[in-house]
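See structure below.
Nothing in this text is a laboratory measurement; each read-out follows from the coordinates by a stated rule. Remember, it's a predicted structure, so these values are computed and weren't measured experimentally. When we count neighbours, we look across all protein chains shown, and the Cβ atoms used for this are built from the backbone with ideal geometry, even at glycine.
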Amino acid sequence: MPHFTASDGVRLYYEETGSGTPIVFVHEFAGDCRAWEQQMRYFGRRYRCVAFNARGYPPSDVPDDLGMYSQARAVADIVETLDHLGIDKAHCVGLSMGGFAAMHFGLDHADRALSVVIGGVGFGAEPDTADRFRAEVEAVAERWESEGAESFAPVYGSGAGREQLKHKDPRGFAEFIAQLKEHSARGAALTLRGVQMRRPSPWDLRERLAEMTVPALILHGDEDRPALPTGVFLKETIPTSGLVVLPRTGHTANLEEPAVFNAAVQDFIATVDAGRWTRRDRRAEGAAILLEPGKD
């Protein structure tokens, strides 16, 4: 199985397929690179596609040191994956935890990002929910450790935002739970405490996001309740962004609605590659409802 060693000594597992302009896919907390299978197959026909398992997700290493898990380290792992594969620039598609990483990749490494897809970002992001979110994260981390993946994965995997996948695609949901049972309980707990609990809120990054130059597609399901307000905030703040909301869709948009997800991302990437994805017209940022005062 293909691995490479990151600069801090952690070995990361990756997969790739296809050729052409590169796309790197970054998975959510409850997923791993297998969650991108329907995207790897679709985009692999036209692009060089890469997906990797974050640290803490076997067959990547599961380091025991909490200090080796952070938002900054998650972004560095994207960059070092590209470096290992000799890729200078890539489109970056992320969901949830991976969406946060994609957003920071666009902020911190604009010279390496052709574009970013910020999918399903929002859990715990709003300032007034931060304390409650951290408390819930710690409680969930403790359950991963005490109950183990085999027992706790079906409980966690049936939580908020996953109901739609179960109703729409029982077979796909069963596969999702089976894969989640194979995760490292220790890796899950460390990821929750090191990445989720300590990552900065987008509201704290408002000034940096307002200066973002990388083309960005913000993508949400309309029933992903904890994430939707963050999507609207990012759309209003990032001047190079567009917003797609998938109807009757929860948190795992790429699994629930792969055809619609793939079409939206394909159109976005094609528009970026054609040089037609531009900064938002400043007239759209005004406060007027119908017409600016004094305009004839």
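Numbers at a glance
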{"read-out": "Simple Cβ-charge dipole of the chain, Lys/Arg +1 and Asp/Glu -1, about Cα centre, in debye nearest 20", "value": "580"}
{"read-out": "Estimated FRET transfer efficiency when R0 is 22 angstrom, pair Arg34-Leu228 (beta carbons, to 0.05)", "value": "0.25"}
{"read-out": "Filtered trypsin sites (Lys or Arg not before Pro), the range 1-93: DSSP coil and at most 13 other beta carbons within 10 Å", "value": "Arg45"}
{"read-out": "Approximate spin-label separation Ala110-Arg11, in nm, with each point projected 7 Å along Cα-to-Cβ", "value": "3.8"}
{"read-out": "Computed Kirkwood radius, in angstrom, where 1/r is averaged over Cα pairs of the chain", "value": "19.4"}
{"read-out": "Computed [θ] at 222 nm, helices only, for the chain once each DSSP H run of length n ≥ 4 contributes -39500 (n - 2.57)", "value": "-12000 deg cm²/dmol"}
{"read-out": "Trp203, Trp277 arranged by Cβ crowding within 10 Å, fewest neighbours leading", "value": "Trp203, Trp277"}
{"read-out": "Length released on extending from Glu145 to Ala259, taking residue separation times 0.36 nm less the Cα-Cα span", "value": "37.4 nm"}
{"read-out": "Interchain or long-range residues, amide H under 5 Å from Gly56's placed H", "value": "Asp61, Val62"}
{"read-out": "Zero-based 5 Å bins, Cα pair distances in the range 17-136, whole percents", "value": "2, 11, 20, 24, 21, 12, 6, 3, 1"}
{"read-out": "GluC sites (Glu not before Pro) lying in DSSP loop within the range 184-290, provided at most 13 other Cβ fall within 10 Å", "value": "Glu211"}
{"read-out": "Whole-number percent relative contact order across the range 3-277, with pairs defined as alpha carbons under 8 Å at least 6 apart", "value": "20"}
{"read-out": "FRET efficiency estimate (nearest 0.05) - Cβ-Cβ, Gln179 to Ser70, R0 22 angstrom", "value": "0.35"}
{"read-out": "Segment Arg41-Arg208, extension gain: residue separation times 0.36 nm, minus the distance between their alpha carbons", "value": "56.7 nm"}
